[in-house]
Amino acid sequence: MSMKQSEPEKVTLICRLLRQSPPGEFGQVVQDLYALVKDDELVRQEAAHVGAHHNKKNFTPVQVNGSTVLLTNYNDLGGNRFFYPQDKFSFEFDHLSGITSKTHLHSVMLDEEELWRGALHKGLNTYVNCHFPAGNCCVFRKSLGKRQMFVACIEAHEYQPLKHWNSLWKSDWTFALTPIMTRVTGVFLLQLHYFKDANLHVTIRKSVSESLHVIDRNQFVSDFVKFVKTEDDKIHTAILQNIQALSEDMWRKDLRRKLPITRTFMNWNDISYKEIGKVDWQRYGGAITRLF
C-alpha cells in the first residue's frame, strides 16, 4: 500500500476488503491487512466493527456454556452482547478474537408466544440434526409494531482451507402467528469459494413463500418443518443439477476447441471425472452434498 495514502483512504480500503471476506476467511483477511496496511491499530479498529456485521450476516455459531449460539441481528442486545433464548442467558462476544465472556442470565417471560417459540425450536432442531452433518439453528421472537413475529435461522458450513474451498449454507424463515392461516417467507443463501487453481466465488440466493394453516401448536410445528425440508430439498437438487449441466456444457466446449476431429465414437457414460480448466466442478457438488 502506498505510504502517501491518507487515513480515510486506508479505512475505505480496509472496510471494502473486509466486507468482501468469504465466510470462514475473515480472520485470514485481517492478517493479510496487517501486512498490507502496516497500521495494526487501524486494522484492529475497523476489523472489530466490520467483524460484527460479518458474523451476524453469516449466522456465525459460537460455543457458550456447552450450547451452540448463532450470532444474528435477531438476538443482538447491542454493545457486542447477544442472548440465547433457548437457555435464557446473554453473553459478550469479541468479534476480533472470537472470545465470549460475561455470561449472565437473561430473563424471558414464559408467555404463550414463548411456548410456541420453544416448540418451534425443538422441532426445527430435530430436523437440522438429521438433515445437516454439522448444522445449527435457533428460533427468535421479534416485534414489528404491535405484531409478534418469529424468525427461524439455520446455518451449516464446511470450511476446508487446506483443500482450498469453503462453503456456507444459511436460511431464515419469518412469519407471524395469525389465526387460521399464516404466511411463511424463507430466504436461502449459499456461498462457495474455491481458490486452488482459480479464485472462484459462487453466491446463490432464493426466496420462497407459502401459507400454512394454524390449528394448534403441534400441527403447525410439524407443517412448518415439512415445508422447510421440502424447500431445502428443492434448492439442493436444483443446484446440483445446474452444476452438472454447467460442467457438461464446459466439457463439450473444451473438447470442441482442443480435440482433433477423428470421427470416432466415444462412450460418454464411461467418463466419470471431468475437470475443466483445472476447476473441479464436482468438488462444488461435493461441498454442497456435505452441507446436507
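The values are calculated or read from the model by the stated rules, or taken from the named source; none is laboratory data. A quick note: this is a predicted structure, and the numbers were derived from the prediction, not measured. Every residue, glycine among them, receives a Cβ derived from its backbone with ideal geometry; neighbour counts consider all protein chains shown. Accessible surface areas use protein heavy atoms only, side chains included; no ligands, DNA or RNA. Shrake-Rupley method; radii C 1.70, N 1.55, O 1.52, S 1.80 Å.
I want to confirm something. Restricting to the range 11-28 and keeping residues that are open to solvent by 30 Å² or more (accessible area, probe 1.4 Å) and in contact with a Leu (Cβ under 8 Å, 6 or more places away or on another chain), which single residue is farthest from ASN199 (Cα to Cα)? Ranking the candidates gives VAL11 first.
Scanning the range 121-153 for residues that are modelled with pLDDT of 95 or more and of a type in the set (Gly, Ala, Ser) turns up GLY123, ALA152.
Checked against the criterion of being of a type in the set (A, V, I, L, M, F, W, C) and crowded, with 21+ Cβ neighbours inside 10 Å, the candidates VAL139, VAL151 yield just one match: VAL139. Restricting the range 154-182 to residues that are surrounded by fewer than 17 Cβ atoms within 10 Å (Cβ to Cβ) and over 26 Å from MET109 (Cβ atoms) leaves a set whose member that is modelled with the highest pLDDT is MET181.
Counting only strands (runs of 3 or more DSSP E) wholly contained in the range 57-112, the ones carrying 1 or more residues that are touching a Pro at 6+ places or on another chain (Cβ under 7 Å) and not aliphatic (A, V, I, L, M) occupy 67-70.
Return the residues of the range 56-70 that are buried (at least 21 other Cβ atoms within 10 Å of the Cβ) and either within 11 Å of the chain's Cα centre (by Cα) or at pLDDT below 90 (or both); say none if nothing qualifies.
Within the range 56-70, the first condition is being buried (at least 21 other Cβ atoms within 10 Å of the Cβ), and the residues that meet it are 58-60, 69-70.
Residues satisfying the conditions are ASN58, PHE59, THR60, LEU70.
When each of VAL187, VAL202, VAL208 is tested for being at pLDDT 95 or above, hydrophobic (A, V, I, L, M, F, W, C) and surrounded by 15 or more Cβ atoms within 10 Å (Cβ to Cβ), the lone residue that passes is VAL208.
Criterion applied to LEU120, LEU77 was being free of Cβ contacts under 8 Å to residues at least 40 places away in the same chain, of a type in the set (A, V, I, L, M, F, W, C) and in contact with a strand residue (DSSP E or B) (Cβ under 8 Å, 6 or more places away or on another chain), and the one residue passing it is LEU77.
Summed over the range 88-108, the residues that are within 23 Å of the chain's Cα centre (by Cα), at pLDDT 90 or above and open to solvent by 50 Å² or more (accessible area, probe 1.4 Å) give a count of 3.
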